[in-house]
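See structure below.
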Ligand code: ADP
Ligand code: MG
């Protein structure tokens, strides 16, 4: 009989089941789906990055033993991470992680393919310090002003963006900080400004980069001992666009280097454009001197679009895709998805896909089903603040107590639960969770996750906490 991914995996599961706690088996192994078998490489699909990290952290040994039994000494395990994403039925977010034959796979070995909304990064990046290189702007031409529709919710930000694009460095909007919630168009607008500048001033050097990537590059430069090259590289940019600067929170080294780059650019009349999911006053763990720089220019908020704007965004998208849809369906979708343009688009795309795959007509009923799915998913996207609030309410304490340094057992447990759920329900890194929950470090968060996992398989009362809170956080 030829072996399939499923049959191999089933045998592995049998072995694993006999060797670990039933609760742990249920939590960490039942959700896994075996998807592919190539010679001695088995690909399994896991529901989140956290899941993958957890497996590698806790179960790598048993996985290895099980796989070696099934596929021999050279067995390999490939993880495919499939997250419920906010794009509806589009491409799952996948990553392949070569595993096995070593004790653990470090995070930096993870290769994350770009999703299709990201700009194409042909070269991974220009090597800092090499002069006269042609700097690729990393801009996505599909994110431009023409398809960034104006409404009350974005008028100030959009017009400030246009002003900056026509006179980069020459307005008082320097830096221009665009802030607002998830999926409201920060990245789109930031690219649009860059794209417009490139049209008007082709000779200017524009660079778009996410704060996360900027941070990685900086850390690499420190490791490779070329921090100065890194700084010089950024100082020759004419228009620097940094997306999601909230990512710099708690990273004092990167903040420091950014502060120097910023000052240099600003003094030389270069334009800086930043985006953030929070207003400067609400940013945590960002140095004061940097925050005060952010306030030098203009902070413009992107708010949730009103109904008319949502309808126009949908119509515009349909028009560009050459799809016709009944007016009442468009209005139905716009009426029910209110706070996130990405989800608005996702719902429409999903609707088009459903109707064409199933050869169904697009009816209000179909729209209802799709929208319900999206609204549910939206609610699942919880913030760390929200988690802390729910957990402290549950234990009848306030958030300050939960975050405090006390070692009282019930408070420590509440804090550990908050960390555990933050890891489970958000995409935040261990370090960022730690910094938001009482300024702890990543090791504390990891320890908290382990403790919660252990306690919930040994302590009945504690398991009840986990179950109750899971319910509260999932509705
Ligand atoms: P953010 O960076 O704030 O999370 P994005 O810039 O990724 O949000 O925007 C999410 C989606 O919504 C993108 O596909 C973007 O093109 C679309 N979008 C946002 N604002 C507008 C707008 N004003 N007009 C048209 N599309 C928009
Ligand atoms: Mg963005």
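The values are calculated or read from the model by the stated rules, or taken from the named source; none is laboratory data. Everything quoted here is computed from the prediction, not taken from an experiment. Here the Cβ is made from the backbone with ideal geometry for all residues, glycine too, and neighbour counts use every protein chain on show.
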Counting only residues that are more than 20 Å from residue 256 (Cβ to Cβ) and either loosely packed, with under 12 Cβ neighbours inside 10 Å or free of Cβ contacts under 8 Å to residues at least 60 places away in the same chain (or both), how many does the range 268-295 have?
-> 3
Do we have any residue at all in the range 400-414 that's buried (at least 18 other Cβ atoms within 10 Å of the Cβ), outside any helix (DSSP H, G or I) and either outside the structural domain of residue 247 (by TED's automatic domain parsing) or at pLDDT below 90 (or both)?
-> no
Residue check: is residue 350 over 26 Å from the mean Cα position of the chain (by Cα) and either outside the structural domain of residue 438 (by TED's automatic domain parsing) or not in a helix (DSSP H, G or I) (or both)?
-> no
For the range 171-204 the number of residues that are more than 16 Å from ligand 2 (Cβ to nearest atom), without any contact (Cβ under 8 Å) to a residue 60 or more places away in the chain and within 11 Å of residue 144 (Cβ to Cβ) is 2
In the range 110-163, what residues are away from ligand 1 (no atom under 16 Å from the Cβ), surrounded by 12 or more Cβ atoms within 10 Å (Cβ to Cβ) and at pLDDT 50 or above?
-> 133, 135, 136, 137, 163
Tally time: how many residues in the range 236-251 are away from ligand 2 (no atom under 16 Å from the Cβ) and under 17 Å from residue 222 (Cα atoms)?
-> 1
Could you grab me the full set of residues in the range 200-215 that are over 21 Å from the mean Cα position of the chain (by Cα) and in a helix (DSSP H, G or I)?
-> 200
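Residues checked against (1) modelled with pLDDT of 95 or more; (2) closer than 22 Å to residue 135 by Cβ:
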site	(1), (2)
220	no, yes
224	no, yes
229	no, yes
243	yes, yes
254	yes, yes
262	yes, yes
273	yes, yes
284	no, no
292	no, no
